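Notes for the one structure printed next.
The values are calculated or read from the model by the stated rules, or taken from the named source; none is laboratory data. Being a predicted model, the structure only gives us computed values, none of them experimental. Glycine gets a Cβ as well: all are built from the backbone with ideal geometry, and neighbour counts include every protein chain shown. Quick note on the areas: whole protein, heavy atoms, side chains included, nothing else; ligands and nucleic acids left out. Shrake-Rupley method; radii C 1.70, N 1.55, O 1.52, S 1.80 Å.
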Amino acid sequence: MIAKVSCAALMGIDAFKVELEVDFSRSGMPCFTMVGLAEGAVKESKERVFPALKNCGFKVPPARITVNLAPADVRKAGSAYDLPLAVGILCAMGIIDQEKIDGWYMAGELSLTGELKSVPGVLPLAMAARESSARGLVVPVANGSEGAVVKDLSVIAANDLGQVVRFLLGEEVVEPATVDIDTLWNERQSFFNDFAEVKGQEHAKRAIEIAAAGAHNLLFIGPPGSGKTMLAKRIPTVLPPLRFEEALEVTKIYSVAGQLPKDRALMVTRPFRTPHHTISDVGLIGGGRYPQPGETSLAHRGVLFLDEMPEFKKNVLEVLRQPLEDGEVNISRSLVTLKYPADVMLVAAMNPCPCGYLTDETHPCECSPLAVQRYRSRISGPLLDRIDLQVDVPAVPYDDLKQVRSNVDSGTMRERIARARLIQEERYAAMPILTNSELEGSALEQYCTIGEAEHAFLKQAVESLGLSARAYTRVLRISRTIADLEGVDTIGVEHLAEAINYRTMDRQG
């Protein structure tokens, strides 16, 4: 007898239907064969499934069992096929009728005792099940709330294989898993840090406000102890909250990567990722033998912070160029090409020289001009062009240090940023654009129009600083954001001047 069970495989951060077919025959030599590009944990599933069936009270007689995972030309990986395989074997044996399992998607790892363990990628699996008008989805209890985030889909969260079988046979009623989305939004992370705690550095705070308002990339340049890292870690306190659609995107990435916290069914705060400078290029943008999202994708819709940027390997930094430009990561392998979202706000910090004190008036710099040049050359020109704001962060004077609190706090900045984001949302409502940082081509010409006086000023700046075409575009985008923060429609000379003032590396060049 042949049984068919619906399950799914992951392709990037999306899932597609896989039909698991089981042929159970008592004729011929007993054996177990699995076909359909099953790899790793999938091939090992029989070593978990048969003990689980036995320990749940189901006796599997010697037989010739053939399992096919269709489509057969797409690789399948992971332990999520344990549950559909066990149910398929029971159906092929005649214990469960085929009509009982038709329309149900299943995913779950089995322990040797039959207990169901959590698996990654349940959220995209649930979305794929809903799109195919499935009857529902059967998953481990640990994945129940994650699957229940998808509306209009019955998600059955089971403890073990026995409970799944009893549910399918109608011997036990299992209520669908539920999750209160409103409660999840109310449980958003409370920030204990505030920009009011950062003394001085008003110029850097202004740059952060502009960067957050338009989702622009930002680079801090300053001596050790000037507060670069402190400033960067407070950026999440002023970012606009995630919209539900954005939260789903972020959650799918964390679900596929197996990094979704156990007590969190939905990622409701913008990510803030801080990889160490020893990270590899694969770790940063994703990939590997079985491609997984990297830190850049895990920071999607949030902040990717690279502290001590020149200490990262040059080849690691260079792989950021395409994701920063396109907002996605393309990973090509011999058998598959994947895309992972990577729409991030890059925030980086670096010293002005190897010893760090080139711009510090209180500490003498010991670096030669050649050493400074070599240090800065670790960050290539094309990568610098993709960083919109390059800001000097000088050492904090004592008069600023003795202040109790700064006059600029996160709440005030957050309100101004939210107003600017709302202006952009309304402006680009009919376009696939969310923020000014995405403006390009005809959209850039349409929304960053400047007058004759502004053209003359910008021409002089471009010629004197030697700005590239990409840097010219960045200046226009930043100017558009500055104008939005002021609530004006027209870009003026003062907006262009401030934007150019945030191109520190260009001015030093």
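Residue by residue through the range 240-272, note down the ones that are basic (Lys, Arg) and either open to solvent by 60 Å² or more (accessible area, probe 1.4 Å) or touching a residue at least 60 places away in the same chain (Cβ under 8 Å) (or both).
ARG243, LYS252, LYS262, ARG264
Those strands (runs of 3 or more DSSP E) of the range 275-357 in which at least 1 residues are open to solvent by less than 10 Å² (accessible area, probe 1.4 Å) and among the aromatic types (Phe, Trp, Tyr), considering only elements entirely within it, cover 303-306, 337-341. Every listed requirement among (1) open to solvent by 70 Å² or more (accessible area, probe 1.4 Å); (2) without any contact (Cβ under 8 Å) to a residue 24 or more places away in the chain; (3) over 24 Å from the mean Cα position of the chain (by Cα) is met by ARG427 save one, (1).
Free of Cβ contacts under 8 Å to residues at least 40 places away in the same chain and under 22 Å from ARG243 (Cα atoms), is that true of GLN322? Walk me through it before giving the result.
Numbers: free of Cβ contacts under 8 Å to residues at least 40 places away in the same chain: yes; under 22 Å from ARG243 (Cα atoms): no.
Answer is no for this residue.
For the range 487-502, the condition of being open to solvent by 50 Å² or more (accessible area, probe 1.4 Å), without any contact (Cβ under 8 Å) to a residue 24 or more places away in the chain, of a type in the set (A, V, I, L, M, F, W, C) and assigned to a loop (DSSP other than H, G, I, E, B) holds for at least one residue. If I filter the range 388-399 for residues that are free of Cβ contacts under 8 Å to residues at least 40 places away in the same chain, open to solvent by less than 40 Å² (accessible area, probe 1.4 Å) and assigned to a helix (DSSP H, G or I), do I get at least one hit? Scanning the range 388-399, I find no residue that is free of Cβ contacts under 8 Å to residues at least 40 places away in the same chain, open to solvent by less than 40 Å² (accessible area, probe 1.4 Å) and assigned to a helix (DSSP H, G or I), so the answer is no. Just to be sure I understand the filter: pairs with C-beta atoms under 8 Å, separated by 6 or more residues or on different chains, first member in the range 84-112 and within 14 Å of ARG135 (Cβ to Cβ), second member assigned to a loop (DSSP other than H, G, I, E, B) and among the charged types (D, E, K, R). Which pairs pass? Correct list of pairs: ASP102/ARG135; GLY103/ARG135; TRP104/ARG135. Reported count of residues in the range 42-67, each being surrounded by fewer than 19 Cβ atoms within 10 Å (Cβ to Cβ), under 40 Å from the mean Cα position of the chain (by Cα) and more than 22 Å from ARG166 (Cα to Cα), is 4.
Being under 21 Å from VAL347 (Cβ atoms) and either assigned to a loop (DSSP other than H, G, I, E, B) or polar (S, T, N, Q) (or both) holds for only one residue in LEU242, LEU266, LEU260, and it is LEU242. Reported count of residues in the range 449-478, each being aliphatic (A, V, I, L, M), part of a helix (DSSP H, G or I) and out of contact with any Phe, Trp or Tyr (no Cβ under 8 Å at 6 or more places or on another chain), is 8. Within the range 156-196, being closer than 30 Å to GLN403 by Cβ and out of contact with any Ser or Thr (no Cβ under 7 Å at 6 or more places or on another chain) holds for SER190, PHE192. Among the numbered conditions (1) open to solvent by 80 Å² or more (accessible area, probe 1.4 Å); (2) hydroxyl-bearing (Ser, Thr, Tyr); (3) assigned to a helix (DSSP H, G or I), the only one that THR481 does not meet is (1).
Looking only at residues in the range 5-40 that are in a loop (DSSP other than H, G, I, E, B) and among the aliphatic types (A, V, I, L, M), the one that is surrounded by the most Cβ atoms within 10 Å (Cβ to Cβ) is ILE13. Are any residues in the range 358-380 more than 20 Å from VAL316 (Cα to Cα) and either of a type in the set (A, V, I, L, M) or in a strand (DSSP E or B) (or both), and if so, which ones? Answer for the range 358-380, where residues must be more than 20 Å from VAL316 (Cα to Cα) and either of a type in the set (A, V, I, L, M) or in a strand (DSSP E or B) (or both): LEU358, LEU370, ALA371, VAL372.
Given the conditions (1) touching a Gly at 6+ places or on another chain (Cβ under 7 Å); (2) assigned to a loop (DSSP other than H, G, I, E, B), and given that LYS43 satisfies all but one, which numbered condition is not satisfied? Unmet condition: (1).
Screening ALA420 against (1) over 27 Å from TYR472 (Cβ atoms); (2) open to solvent by less than 60 Å² (accessible area, probe 1.4 Å); (3) not in a loop (DSSP other than H, G, I, E, B) leaves a single unmet condition, (1).
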